[in-house]
1. Can you tell me which of (1) under 23 Å from I185 (Cβ atoms); (2) assigned to a loop (DSSP other than H, G, I, E, B); (3) modelled with pLDDT under 95 is the one G75 doesn't meet?
2. Within region 225-235, how many residues turn out to be in contact (Cβ under 8 Å) with a residue 24 or more places away in the chain and assigned to a helix (DSSP H, G or I)?
3. Please go through region 185-239 and give me each residue that is under 21 Å from V53 (Cβ atoms) and β-branched (V, I, T), ordered by number.
4. If you scan region 78-116, which residues turn out to be part of a loop (DSSP other than H, G, I, E, B), of a type in the set (A, V, I, L, M, F, W, C) and in contact (Cβ under 8 Å) with a residue 40 or more places away in the chain?
5. Being among the hydroxyl-bearing types (S, T, Y) and in contact with a strand residue (DSSP E or B) (Cβ under 8 Å, 6 or more places away or on another chain) is true for just one of Y171, Y96. Which residue is that?
6. Every residue in region 168-211 that is in a loop (DSSP other than H, G, I, E, B), of a type in the set (G, A, S) and crowded, with 18+ Cβ neighbours inside 10 Å, please.
7. If you go through region 84-128, how many residues are among the small types (G, A, S) and closer than 17 Å to D38 by Cβ?
Amino acid sequence: MAYTVAVLADIHGNDAALDAVLADLAAQPHDAIVLAGDLLVNGPRPREVLARVRALRAPAIYGNTERALVAARDGADVDPVTAWARARLGEDDLAYLAALPFAHRVTPPGGASPADDLLVVHATPTDVNAMLVTELPPVGDALAAPTPEPEATALLGAARANLILYGHIHYASAGTIRGQRLASIGSVGFPFDGDHRAAYALVAWEGRAWRVAHRRVAYDHQATIAALGREGAPGAALFARRLAEAAWIPFG
């Protein structure tokens with residue numbers, strides 16, 4: 001019987017999308033949950049999303065937005081979007097975010113590490129902000145080309161696993177870099193593939209390799225767009241456009 005890990009990435013403060021995913025996940029056989037970063041910033045309900053995340057008591061890692069929230073707490077310059085989200089969190093919430101690790105490794109039952117492992121990172125095994133692109137997104141032109149192999153190899157660093165899984169780019173893809181299998185998964189809260197439905201993945205160990213099954217879950221994304229306006233979040237118009245188009249739209 002397969003050992004299955006549910007991986008949720010890039011919730012970005014979208015509580016309605018997270019609730020829809022968790023409802024769907026409740027009906028799917030799985031053995032563990034991993035949260036792959038970028039939990040709170042950009043959506044209308046950072047505090048509520050973090051409460052749901054913490055109630056899961058599941059392993060979580062930090063993304064680039066968690067790092068920004070923690071840096072802001074330490075007095076660094078902070079953009080208005082991050083400051084708005086941080087102001088809605090308590091000190092205990094910030095301490096939780098500060099303690100999140102960079103990566104989470106799963107060795108399947110009876111498996112050997114690192115050869116059989118699932119390695120979950122937010123963006124790449126070496127850099128939480130970098131883009132690692134093996135396939136272009138199905139919509140938009142924000143990413144002009146796949147990451148060149150020498151750069152991709154450098155971003156992998158010394159990391160080795162049966163499969164390295166990541167979020168950050170908000171769409172599903174797969175590839176192999178010098179023998180290392182990679183896959184990205186879609187975003188719970190802000191898909192960038194032209195599909196409004198929330199995305200997550202079920203990753204199953206079947207004795208020799210991890211297999212990724214991407215799931216999509218319908219929810220009322222228009223309600224989230226309306227909530228952005230009601231909550232007065234900075235950048236609400238931009239984030240509303242991203243939700244409406246299910247695509248990356250740059251700042252400015």
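The values are calculated or read from the model by the stated rules, or taken from the named source; none is laboratory data. What you see is a predicted model; the values in this text were computed from it and never measured. Reconstructed Cβ throughout: ideal geometry from the backbone, glycine too, with neighbour counts over all protein chains shown.
1. (1)
2. 4
3. Within region 185-239, I185, V188, V203, V217, T224 qualify.
4. L89, L100, F102, A115
5. Criteria check complete, one pass: Y171.
6. If the condition is that a residue be in a loop (DSSP other than H, G, I, E, B), of a type in the set (G, A, S) and crowded, with 18+ Cβ neighbours inside 10 Å, then A172, G186, S187, G189 are the ones that fit.
7. 5
Conditions tested, residue by residue: (1) in a loop (DSSP other than H, G, I, E, B); (2) exposed (fewer than 15 other Cβ atoms within 10 Å of the Cβ); (3) at positive phi.
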| site | (1), (2), (3) |
| --- | --- |
| V120 | no, no, no |
| T124 | yes, no, no |
| N129 | yes, yes, no |
| V133 | yes, no, no |
| L136 | yes, no, no |
| T147 | yes, no, no |
| T153 | no, yes, no |
